[in-house]
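Reviewing the structure listed below.
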Amino acid sequence: MSRLATATIHLGALRHNLARIREHASGARVMAVVKADGYGHGLERVARALHEADAFGVAAIADGQRLRAAGHRQRIVVLSGPDSAGDLAEMRRLDLDAVIHHQSQLDWLADDADGRPLRVWLKIDSGMHRLGFPAMRVPEVHARLAAMPNVADEIVLMTHFAASDEFENCLTARQIETFRTATEGLPGPRALSNSAGVLGWPDARGDWVRVGGLLYGLSVVEGRCGADFGYCPAMTLGTRLIAVNDLHKGDRVGYAATWLAPEDMRLGVAAIGYGDGYPRSAVAGTPVRIRGRTTQIVGRVSMDLVTVDLRDLPDAGVGDEVILWGAELPVETVAAHAGTIGYELTCGMTRRVLFMEDE
């Protein structure tokens, strides 16, 4: 059954999206964020499609190991930096960039006897209050890093936005100003914008942009899909009908018998469930596509199966393809019915899903 659930990754969409980001980035260099196994699309295949990116952003040194093993020579930035003093040696071995955001990391560098220069990004907390040095400490921390012989001369200055997906929210403007004030007079490239920052905040383009969701055609703005901004979805999740059954009016469907057939009708059973990564929280009424038409799931999502309404699809039968999300059905639409975001859905694919590629 698991072989019927397929995630098709569209490599041409990834390349299109990177080119589109370069148009939006106004000449800034592009870091392609490929953490979480390429947002669920597969780290190595995503990096292969995005080989023209200026750098890759990862969450862990292990991802850097995989990218180097696959032959990628771009800069690779570990976005949370070293987790222990011992990580510094492996980062140098792999030629990885380190984001430095905390006093502990600063101390590890100061105590490190290895004189080989490590490329460093200094993260500034401009208002997200998650990772980063407070703005008032930035000149001091920058001076300390610049004085270390084991830190490369060019120190990139970076921050992260908390609400850049809300284009009218003044928090981002305040963060931009906080960053500018904190870094005034300091040498080094600037890196402010995430995906939403690229779209909505031209004053924050800087020298680098760090883009994740848009690369995969995922929306970064509530109520909109990636296609609304000219980006193409890079994943189509599909399966097939494995049964078509006749129901009588009043028959109940699925676990806890929560859904009641409103009339005599046909019911389809599709081979996918939360064991594959389709969200259990998707409620009855969540759309799916069959034979080029939109219908909906009924009853509860189970581990291996979902049930779908075939009242308007009289010709649907066993073996028909069922599209759970893709170009015809934005993942954001499904996510809204499941009370989550598209990022979580694409990142949630399990090993039961068969991954395929097309151009």
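The values are calculated or read from the model by the stated rules, or taken from the named source; none is laboratory data. This one's a predicted model, so the numbers in the text were calculated from it and none came from an experiment. Positions of Cβ are backbone-derived with ideal geometry, glycine not excepted, and every protein chain shown enters the neighbour counts. What goes into the accessible areas is simple: the full protein's heavy atoms, side chains included, and nothing from ligands, DNA or RNA. Shrake-Rupley method; radii C 1.70, N 1.55, O 1.52, S 1.80 Å.
Details
- Cα-only Debye scattering, the range 145-235: base-10 log of I(q)/I(0) at q = 0.16, 0.18 Å⁻¹: -0.69, -0.81
- Relative compactness, the chain, computed as alpha-carbon Rg over 2.2 N^0.38 Å: 1.14
- Reduced Cα scattering model of the range 150-305, Debye log10 I(q)/I(0), q = 0.12, 0.17, 0.19, 0.21 Å⁻¹: -0.72, -0.99, -1.13, -1.27
- Fraction of beta bridges assigned by DSSP in the chain that are antiparallel (%, nearest 5): 50 percent
- Stokes-Einstein diffusion for the range 53-108 at 4 °C, viscosity 1.567 mPa s, with a Kirkwood radius from C-alpha pairs, works out to 115 µm²/s.
- Cα long-axis angle, helix 170-183 against the chain (0 to 90 degrees, to the nearest 10): 30 degrees
- Computed over all pairs of different Cα atoms, the Kirkwood value for the hydrodynamic radius of the range 304-359 is 13.6 Å.
- The range 30-74 and the range 195-225 have Cα centres lying 18 Å from one another.
- Here the dipole of the range 196-355 is about 260 debye; that uses its Cα centre as origin and unit charges on the Cβ of Lys and Arg (positive) and Asp and Glu (negative).
- The stretch between residue 143 and residue 110, if pulled fully straight at 0.36 nm per residue, gains 10.6 nm over its current Cα-Cα span.
- If you plug the beta carbon distance of residue 351 and residue 93 into 1/(1 + (r/R0)^6) with R0 = 22 Å, you get a FRET efficiency near 0.15.
- Just the protein heavy atoms count here, and of the accessible area of the chain at 1.4 Å, carbon and sulfur take up 50 percent.
- Using distinct alpha-carbon pairs, which all enter the 1/r mean, Kirkwood radius of the range 36-161 in Å: 15.0 Å
- Considering only 250, 342, 38, the mean-square fluctuation computed in a Gaussian network model of the chain, springs between alpha carbons under 10 angstrom, is largest for 250.
- Alpha-carbon spread of the range 244-359, three principal axes, descending order, Å: 42, 29, 23
- For the range 311-341 versus the range 78-134, the gap between their alpha-carbon centres in whole angstrom: 43 Å
- A simple spin-label model places the labels of residue 256 and residue 83 3.5 nm from each other, with each point 7 Å out along Cα-to-Cβ.
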